[in-house]
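One structure coming up, written as structure tokens, with questions to follow.
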Amino acid sequence: MLSGRQVPSAIATADPGGGAQGAPIGRAGRGSLGVFAFLLAVYLFSASGKLHAVDEYSAMAMTASLAGRGSLQTDQMGWAWESEAPQDTFGTDGHLYSKKGIGIALWASPLVALTGLVTENGLVLSALLSSALATAIGGAAIHALGYMLSGDAVVALVLALMYGLGTIVWPYSRMLFGEALAAMGLALAMLGVAGIVLAPSRYRYYVLLGLGLAGAILARPPSIVAVPLALAALLPRGGRQDRRDWLRRMMVWSLPVAAALVLLGLANWARFGDALSTGYSPTETFSGDLGEGLAGLLVSPGKSLFLYSPPLLAALFGLGSAWRRWPRLTFFAGATSLAHLLLYSLWFDWAGGWSWGPRFMVPVVPLLMPLALPVLQKARSRKGLALVAIVALGLFGVIVQLGAVTVDYLAFLSDLMDRGIDTTNQYSWTHSPVVGHLAALNPLQSRHDFLDIWWLQAVEDRLMIVKMPFLLGLVAVLVSGMALAAAKWHRGWRPVAVAVSLAALIATPLFASEGPGNGAQTEVGRVLPALSGTVGGDDTVVVELLPYGPFESEAAAVLDIPVGPAAVSVVLRGEPTPSEKTERLLAAAGRDSRGIALVLFGTPLGDPASTTERWLADRSYLAGQTWLGDSARVSYFRTSRRDSR
């Protein structure tokens, strides 16, 4: 009889495409539930709770619009149009739209919509936690794949924990970039390819492959490079009947991919009038220096994939053995990883701007990590130096990620810039974020302003723990951790752990007002809730921010607070007149809305300082004004659309 840690050797070591036959492993899924619960709990406990890069603001604007009123417009990003690298562009209808993959909004909007129904803020935290959910699902897929290929529960668990806690996927579980969702999709695709190779008659794996590739494409359209490589990896090797069966099965996984491409094309056509247009400008192309990009993404102290994900070094050593044992899976993983590497090495900004590590390479991690299985198996069986090396790689990976999840990379880079240090130099070990983040954790430095844990606040140079969010995350970690440890003796812990982690995922945004960086603590946060009952789906709320002071945090507050079904635009006050881009947004709002509620700050009644207010007054009817606090008021305008009715 087989124990819970063993599977037939044909499944554990052979590729049926090379002659042997196998069957899927039923026990893998159950153990993966425990891994999912634990990783999700850890990601919730280490969540940031705030937006960092303008890319995240843009993705959040798209998510909030989709969740609140079923639109992809991102007029909330009007304030960012004056930046050097705006992440939104005007569509054919005069409204702004994000350049980011629509998969981010499709994935995050259900959780955001649920949060908006029960609380007055917390939408940002809710959207960020959707990345944690995606990354935990990817970790569970890696565990299932590891168990399917190795037949060893311990090896599969180590593989999943090294992936989930020792690589760059952990920091990106805290951010609203498309990389987290794309990594989940490719992890599922890897599991699908392995299942198809080992058990070609099981259609569930074809569905899994199709859904994984579809999710990756919607999150990051360049992930489409994986589709022809999956086809190549799964080409039939038999006669005519085998080819017929292959065509029928390929249809199963190609349908989700085709649906994703159609959905992406329709969204592009609706926004930009061209199914192939994603909104990027002609200068944002794959026209960079290939050699520079390759060197930077592979060996530079600032962006090396292997420095930011040390366990992937084991995959390099296991590549030969993996190819001999699972040639089709290894081909798919290696070719898709190489395609990503070459593609983004040619991107005009291969470094990914101000981001943690090699952002564009995050989806490569689930492709390469399973190739470390032969090394893990060897270390487990032979012990000695191999085991020491694996433990060292795993620990080093966890230490690197702890620096990433506890220190705000944006604050760190801003500090470098304030000191006159070139943040674009990726070849300085002294100023490498990996080194700098770990140095910032030195208790003798007391850089509390660098900390980036949502339940931990710095108050007058002292640290204060926000009790309820802290306890919620801690309980989830402890329960799921005990479930993972006790699974060998009592598998009933697994569903309990999953239930606790999912409950924490849903409940955590309800306490967002108690954590740092939330919208409720800003002036915008004290004003916008009062509008939710006075504007309707045919209205537009325009928030004018002053072009000095912390307007980024005020813009984040607008995204954090549901304002009902009304459209929302956020603009910066322009002098002596609104900027051309602001005028385009205001014109679109006047054309499509029956009423405009202009929210002003620091502008007394009758003060002509608001150029936005003057512009609207010249083109619409001022219906009334309302004070909301000591320095904020709302001017209500009726547009020509209202008059025409």
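The values are calculated or read from the model by the stated rules, or taken from the named source; none is laboratory data. Everything quoted here is computed from the prediction, not taken from an experiment. We place every Cβ from the backbone using ideal geometry, glycine too, and count neighbours over all the protein chains shown. The accessibility values were calculated without ligands, DNA or RNA, using every heavy atom of the protein model including side chains. Shrake-Rupley method; radii C 1.70, N 1.55, O 1.52, S 1.80 Å.
How many residues does segment 552-568 contain that are open to solvent by 20 Å² or more (accessible area, probe 1.4 Å) and over 24 Å from the mean Cα position of the chain (by Cα)?
Here the count works out to 2.
Scan (1) open to solvent by 40 Å² or more (accessible area, probe 1.4 Å); (2) closer than 28 Å to residue 58 by Cβ; (3) outside any helix (DSSP H, G or I); (4) in contact (Cβ under 8 Å) with a residue 12 or more places away in the chain for the single condition residue 237 breaks and write down its number.
Unmet for residue 237, out of (1) open to solvent by 40 Å² or more (accessible area, probe 1.4 Å); (2) closer than 28 Å to residue 58 by Cβ; (3) outside any helix (DSSP H, G or I); (4) in contact (Cβ under 8 Å) with a residue 12 or more places away in the chain: (2).
Take the conditions modelled with pLDDT of 85 or more and either β-branched (Val, Ile, Thr) or over 27 Å from residue 306 (Cα atoms) (or both) and apply them to residue 454. Does it pass? Write out each step before concluding.
Numbers: modelled with pLDDT of 85 or more: yes; either β-branched (Val, Ile, Thr) or over 27 Å from residue 306 (Cα atoms) (or both): yes.
For residue 454, the condition - modelled with pLDDT of 85 or more and either β-branched (Val, Ile, Thr) or over 27 Å from residue 306 (Cα atoms) (or both) - is met.
Output the qualifying pairs, or none if there are none: Cβ atoms under 9 angstrom, residues six or more apart or on different chains, first residue in segment 356-377 and within 14 Å of residue 329 (Cα to Cα), second residue assigned to a helix (DSSP H, G or I) and among the charged types (D, E, K, R).
Within 9 Å, the pairs are 373/325; 374/324; 374/325.
Sticking with this structure for a sec: Restricting segment 417-444 to residues that are polar (S, T, N, Q) and open to solvent by 90 Å² or more (accessible area, probe 1.4 Å), which is farthest from residue 358 (Cα to Cα)?
430
Could you list, in sequence order, the residues of segment 347-393 that are surrounded by 24 or more Cβ atoms within 10 Å (Cβ to Cβ), aromatic (Phe, Trp, Tyr) and part of a loop (DSSP other than H, G, I, E, B)?
Matches in segment 347-393: 350, 356.
Among the residues of segment 472-509, write down those that are open to solvent by 60 Å² or more (accessible area, probe 1.4 Å) and either under 18 Å from residue 127 (Cα atoms) or at pLDDT below 90 (or both).
Selection gives 482, 485, 488, 489, 490, 491, 493, 495, 496, 502, 506.
I need the full set of residues from segment 171-185 which are in a helix (DSSP H, G or I) and closer than 20 Å to residue 54 by Cα, in order please.
Scanning segment 171-185 gives 171, 172, 178, 179, 180, 181, 182.
Checking residue 520 against (1) in a helix (DSSP H, G or I); (2) at pLDDT 90 or above, only one condition comes out false. Which one?
(2)
Can I ask one more? If only one of 211, 255, 198, 218 is in contact with a helix residue (DSSP H, G or I) (Cβ under 8 Å, 6 or more places away or on another chain), more than 24 Å from residue 267 (Cα to Cα) and of a type outside the set (Lys, Arg), which one is it?
Just a single option satisfies the conditions, and that option is 198.
Considering segment 286-298 alone, what residues qualify as being surrounded by fewer than 14 Cβ atoms within 10 Å (Cβ to Cβ) and at pLDDT 90 or above?
Our first condition is that a residue be surrounded by fewer than 14 Cβ atoms within 10 Å (Cβ to Cβ); within segment 286-298, this holds for 287, 289-291.
Listed by number, the residues that qualify are 289, 290, 291.
For segment 202-218, does any single residue satisfy the condition of being over 19 Å from residue 191 (Cβ atoms) and not basic (Lys, Arg)?
There is no residue in segment 202-218 that is over 19 Å from residue 191 (Cβ atoms) and not basic (Lys, Arg).
If I go through segment 449-471 residue by residue, how many of them are assigned to a helix (DSSP H, G or I) and open to solvent by 30 Å² or more (accessible area, probe 1.4 Å)?
Selection size over segment 449-471: 5.
For segment 99-131, name all the residues that are over 21 Å from residue 41 (Cβ atoms), at pLDDT 95 or above and either hydroxyl-bearing (Ser, Thr, Tyr) or not in a helix (DSSP H, G or I) (or both).
102, 109
Can you name the residue in segment 48-74 that is open to solvent by 10 Å² or more (accessible area, probe 1.4 Å) and assigned to a helix (DSSP H, G or I) and is also nearest to residue 554 (Cα to Cα) among such residues?
Of everything passing the filter in segment 48-74, 57 is nearest to residue 554 (Cα to Cα).
Also: With the requirement that a residue be surrounded by 24 or more Cβ atoms within 10 Å (Cβ to Cβ) and touching a residue at least 60 places away in the same chain (Cβ under 8 Å), what does segment 108-120 give you?
Matches in segment 108-120: 108, 115.
In this structure, is residue 34 touching a His at 6+ places or on another chain (Cβ under 9 Å), assigned to a helix (DSSP H, G or I) and either free of Cβ contacts under 8 Å to residues at least 60 places away in the same chain or farther than 13 Å from residue 556 by Cα (or both)? Even if it seems obvious, please write down each step before you answer.
Numbers: touching a His at 6+ places or on another chain (Cβ under 9 Å): yes; assigned to a helix (DSSP H, G or I): yes; either free of Cβ contacts under 8 Å to residues at least 60 places away in the same chain or farther than 13 Å from residue 556 by Cα (or both): yes.
Yes, satisfied.
Out of the residues in segment 260-285 meeting the condition of being open to solvent by 60 Å² or more (accessible area, probe 1.4 Å) and under 22 Å from the mean Cα position of the chain (by Cα), tell me which one is nearest to residue 413 (Cα to Cα).
280
Would you mind telling me which numbered condition in (1) modelled with pLDDT under 95; (2) buried (at least 24 other Cβ atoms within 10 Å of the Cβ); (3) among the acidic types (Asp, Glu) residue 179 fails?
(1)
Would you say residue 147 is under 23 Å from residue 360 (Cβ atoms) and either open to solvent by 10 Å² or more (accessible area, probe 1.4 Å) or part of a helix (DSSP H, G or I) (or both)?
Working: under 23 Å from residue 360 (Cβ atoms): no; either open to solvent by 10 Å² or more (accessible area, probe 1.4 Å) or part of a helix (DSSP H, G or I) (or both): yes.
For residue 147, the condition - under 23 Å from residue 360 (Cβ atoms) and either open to solvent by 10 Å² or more (accessible area, probe 1.4 Å) or part of a helix (DSSP H, G or I) (or both) - is not met.
Being among the β-branched types (Val, Ile, Thr) and under 13 Å from residue 166 (Cα atoms) is the filter here; which residues of segment 365-421 pass it? Step through it out loud before you land on a result.
So the first thing to find is which residues in segment 365-421 are among the β-branched types (Val, Ile, Thr), and the list is 365, 375, 388, 390-391, 398-400, 405-407, 421.
Residues satisfying the conditions are 365, 390, 391, 398, 399, 400, 405.
Here's a follow-up. If you take the residues of segment 569-602 that are part of a loop (DSSP other than H, G, I, E, B) and within 18 Å of residue 623 (Cα to Cα), which of them is least open to solvent (accessible area, probe 1.4 Å)?
Among those residues, the one meeting the criterion is 593.
Out of all the residues in segment 66-121, which are among the hydroxyl-bearing types (Ser, Thr, Tyr) and in contact with an Asp or Glu (Cβ under 8 Å, 6 or more places away or on another chain)?
Within segment 66-121, 74, 97, 98 qualify.
Something else: Take the residues in segment 571-614 that are among the charged types (D, E, K, R) and over 23 Å from residue 535 (Cα atoms); name whichever of them is farthest from the chain's Cα centre (by Cα).
607
On to the next question. Tell me, yes or no, whether segment 318-331 has at least one residue that is of a type in the set (A, V, I, L, M) and under 19 Å from residue 151 (Cβ atoms).
Among the residues of segment 318-331, at least one is of a type in the set (A, V, I, L, M) and under 19 Å from residue 151 (Cβ atoms), which makes the answer yes.
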